[in-house]
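Here is the structure we will look at.
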Amino acid sequence: MARGSIEAIFVAPDSGEPMEVVESVEAVAGRGLRGDRYFREQGLYDCREELPEGTDVSLIEREALDAIERDHEVDLPARLTRRNVVTSDVALNHLVDRTFRIGDVELVGERLCEPCSYMESLAETEGASEALTHRGGLNANVIELGTIAIGDTVEF
């Protein structure tokens, strides 16, 4: 079993609001992360029925952020990606259609989390969307309720 770790966790209370750092967060199947805009149905999409599949949790690799700075000279702090969870030592693209665990939470990778112009406009970082293409992270659904915390192990 391969392992990685959680470096940061972010939630935003409403659409367009800044992402806030949290030490831990409850992950709820079919709802997402307690306190996040999509859990509260206050995100870009107003209700859960409008959301694309796999929007309980969004993840991005620390290594991807390092790569876009190195390869594209785009300095994008993790919170500006609008992703909930920052991982290290996890190839997230390989987790599409696979189950994995973060601490005691079981998730399934649903689809790649490709960047969008909305993220770039909120980040106010030109070139961020293009630089993150195919390395924008993973959208996942929660299968088993639990808590995700900074420092947790990712097992896949």
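Points to keep in mind about this one:
- Given (1) at pLDDT below 90; (2) buried (at least 21 other Cβ atoms within 10 Å of the Cβ); (3) within 12 Å of the chain's Cα centre (by Cα), number of the condition Gly54 does not satisfy: (2)
- Among the residues making up the stretch 129-156, those that are among the small types (Gly, Ala, Ser) and more than 21 Å from Glu23 (Cα to Cα) are Ser129, Ala131, Gly136.
- Of all the residues in the stretch 14-35, those that are farther than 21 Å from Glu120 by Cβ and open to solvent by less than 40 Å² (accessible area, probe 1.4 Å) number 7.
- Evaluated against (1) closer than 10 Å to Asn84 by Cβ; (2) modelled with pLDDT under 95; (3) open to solvent by less than 20 Å² (accessible area, probe 1.4 Å), Tyr38 falls short on exactly one condition, (3).
- Only residues that are part of a loop (DSSP other than H, G, I, E, B) and either open to solvent by 10 Å² or more (accessible area, probe 1.4 Å) or among the charged types (D, E, K, R) (or both) were counted across the stretch 1-13, and they come to 3.
The values are calculated or read from the model by the stated rules, or taken from the named source; none is laboratory data. Since we're looking at a predicted model, the values are computed, not measured. A quick note on method: Cβ atoms are made from the backbone with ideal geometry, for glycine too, and the neighbour counts reach across all protein chains shown. Heavy atoms of the whole protein, side chains included, go into the accessibility calculation; ligands, DNA and RNA do not. Shrake-Rupley method; radii C 1.70, N 1.55, O 1.52, S 1.80 Å.
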